[in-house]
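Where a number appears in this text, it was derived from the coordinates with a stated rule and is not lab data. As the structure is a computational prediction, the values presented were derived from the model and not from experiment. Here Cβ is always computed from backbone atoms with ideal geometry, including for glycine, and neighbour counts include all displayed protein chains.
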Amino acid sequence: MFSGLPTDIALQKGLQFCLAGPQQLRVRFVGAPLADISFDASSSHKYFLLGMGYERELQGLLRSLVTSDDVVYDVGAHFGWWTLWFSRMCGRVVAFEPSPTSFAVLRSNVESNSCSNVALLNAAASDRNGEFAFVEGGTSSHVTTDVSQPHVTVRAMRIDDFQDACYPTLIKIDVEGFAAGVLAGMSAVLRAASPCIVCEIHNTAEDTAVGEILGNLGYRISRLESGKKFPWHILAKRS
């Protein structure tokens, strides 16, 4: 159902019909490292449909990068699947999520699992502080400049201005095309701490802008998936 073929949507809709969905539900994971974690999600989300198979290749990569001493920023946390994953693997997690709807679920997921090493911010990481128009659309929610479409107003902040006890050692970014704005607002952090960056790329413009920003800061970029279809992930390490 996630092969990228034209039949995918029909298969997903067929499954939701059988489940009388989409519907909100709570699941419990049984596989490591999220064993015994309870998770609120929708029956239409990959979190529910794939379980611990969600982004399995990326899990393998991150498992090799993250240690118990690491500080991870999860930028675009959504419902918190990766936030919970990181909370089991590292020392501290800071999760940024601008959507009021998604943030409420994220907070519930973190609190119900007593993740004391997670800090939550209901804000969009950006290249400026202030407010943004934001389109709610589940996992495809995004910042927009088109205020003629239905939107909510969300807080925006530069990670360079975020006061935390420790610099991040790894930053995971998934913001539906806005990654360049996120990176532009953390250039001081990137220069000072040189964290690894794992970023989901959604289109050519985002790919070009992210490459330019990271390249100018001395980062080497490698693509994690083969093929040409968006989205894909990149791994960036500073030379």
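Name the residue that is surrounded by the most Cβ atoms within 10 Å (Cβ to Cβ), counting only residues in region 90-111 that are closer than 25 Å to P33 by Cβ, more than 13 Å from the chain's Cα centre (by Cα) and not small (G, A, S).
Within region 90-111, the match that is surrounded by the most Cβ atoms within 10 Å (Cβ to Cβ) is N109.
Could you tell me whether S114 is of a type in the set (G, A, S), touching a residue at least 24 places away in the same chain (Cβ under 8 Å) and farther than 24 Å from R238 by Cα?
Against the criterion (of a type in the set (G, A, S), touching a residue at least 24 places away in the same chain (Cβ under 8 Å) and farther than 24 Å from R238 by Cα), S114 does not qualify.
Out of the residues in region 187-224 that are in a loop (DSSP other than H, G, I, E, B) and in contact with a Pro (Cβ under 9 Å, 6 or more places away or on another chain), state the one that is surrounded by the fewest Cβ atoms within 10 Å (Cβ to Cβ). Don't jump to the end; show me each part of the working.
Taking region 187-224 and keeping what is in a loop (DSSP other than H, G, I, E, B), we get 194-195, 202-203, 217-218, 224.
From what is left, the residues that are in contact with a Pro (Cβ under 9 Å, 6 or more places away or on another chain) are 195, 202-203.
Numbers: P195: 21, H202: 19, N203: 12.
The qualifying residue surrounded by the fewest Cβ atoms within 10 Å (Cβ to Cβ) is N203.
In the set G177, G138, G130, which member is touching a residue at least 60 places away in the same chain (Cβ under 8 Å) and of a type in the set (G, A, S)?
Selected residue: G138, the only one of G177, G138, G130 that is touching a residue at least 60 places away in the same chain (Cβ under 8 Å) and of a type in the set (G, A, S).
Just checking, which of S114, S126, S148, S140 is closer than 21 Å to I201 by Cα and surrounded by fewer than 12 Cβ atoms within 10 Å (Cβ to Cβ)? Even if it seems obvious, please write down each step before you answer.
Numbers: S114 fails: closer than 21 Å to I201 by Cα; S126 fails: surrounded by fewer than 12 Cβ atoms within 10 Å (Cβ to Cβ); S148 fails: closer than 21 Å to I201 by Cα.
After applying the criteria, what remains is S140.
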